């Protein structure tokens with residue numbers, strides 16, 4: 001017996017295509033009809049099938065962009081989702097916490113595996129623009145789940161040598177450029193950026209090199 005506590009059906013429909021809603025509803029209607037594991041569903045399955053057929057037809061009719069057809073499609077879609085939620089709750093309550101029984105309902109179980117935090121992706125310098133004399137405006141790539149960003153500058157050595165020391169500035173986001181001040185006009189600087197996430201900082205980006213004015 002495949003006993004699993006707190007089995008839950010996958011019923012999120014906000015980002016599901018209409019055709020997929022029909023497909024999922026049809027799977028449930030087909031599997032629950034005559035299913036001894038679920039003898040008393042809270043929805044008349046024949047009526048549910050009729051609504052699914054009507055919804056499928058409305059989806060096709062709405063492709064021409066007609067307002068009435070779209071309104072009917074959306075109304076029927078909302079009704080299908082409501083009935084699916086009732087059936088999902090019924091399947092959850094009556095599957096006896098047995099996954100094999102639950103799967104006979106036609107519903108897909110919701111995953112209980114939690115995705116562990118992932119390292120934040122590295123960011124990059126998009127551009128380094130001259131600001132007021134002795135300053136740069138640094139634009140960088142936004143990174144998903146980043147909590148903040150750091151920009152560092154270092155004076156490029158003779159022959160383009162890597163800076164031996166760096167000054168770091170922390171900025172909250174990438175909506176506005178990070179302003180780097182205290183630059184000496186005529187001096188060439190390397191600029192690098194990195195993102196900060198749940199597991200810490202990403203690697204520093206490749207350097208973007210520019211002479212201050």
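The values are calculated or read from the model by the stated rules, or taken from the named source; none is laboratory data. Computed from a predicted model, the values in this text were never measured in an experiment. Positions of Cβ are generated from backbone atoms using ideal geometry, with glycine treated the same way; all protein chains shown enter the neighbour counts.
List of remarks:
- Any hit, the range 110-122, residues being crowded, with 16+ Cβ neighbours inside 10 Å, in contact with a strand residue (DSSP E or B) (Cβ under 9 Å, 6 or more places away or on another chain) and either under 30 Å from residue 174 (Cα atoms) or modelled with pLDDT under 90 (or both): yes
- Here residue 75 fulfils each of the conditions (1) on the phi < 0 side of the Ramachandran plot; (2) surrounded by 16 or more Cβ atoms within 10 Å (Cβ to Cβ) apart from (2).
- Of all the numbered requirements in (1) at pLDDT 95 or above; (2) buried (at least 17 other Cβ atoms within 10 Å of the Cβ); (3) out of contact with any helix residue (DSSP H, G or I) (no Cβ under 6 Å at 6 or more places or on another chain), residue 131 misses one, and that requirement is (1).
- Residue within the range 33-49 that is modelled with pLDDT of 95 or more, crowded, with 17+ Cβ neighbours inside 10 Å and part of a helix (DSSP H, G or I) present: yes
- Residue tally, condition free of Cβ contacts under 8 Å to residues at least 24 places away in the same chain and out of contact with any strand residue (DSSP E or B) (no Cβ under 6 Å at 6 or more places or on another chain), over the range 166-186: 2
- Considered as a group, the residues in the range 137-173 that are exposed (fewer than 11 other Cβ atoms within 10 Å of the Cβ) and on the phi > 0 side of the Ramachandran plot include one that is farthest from the chain's Cα centre (by Cα), and that residue is 159.
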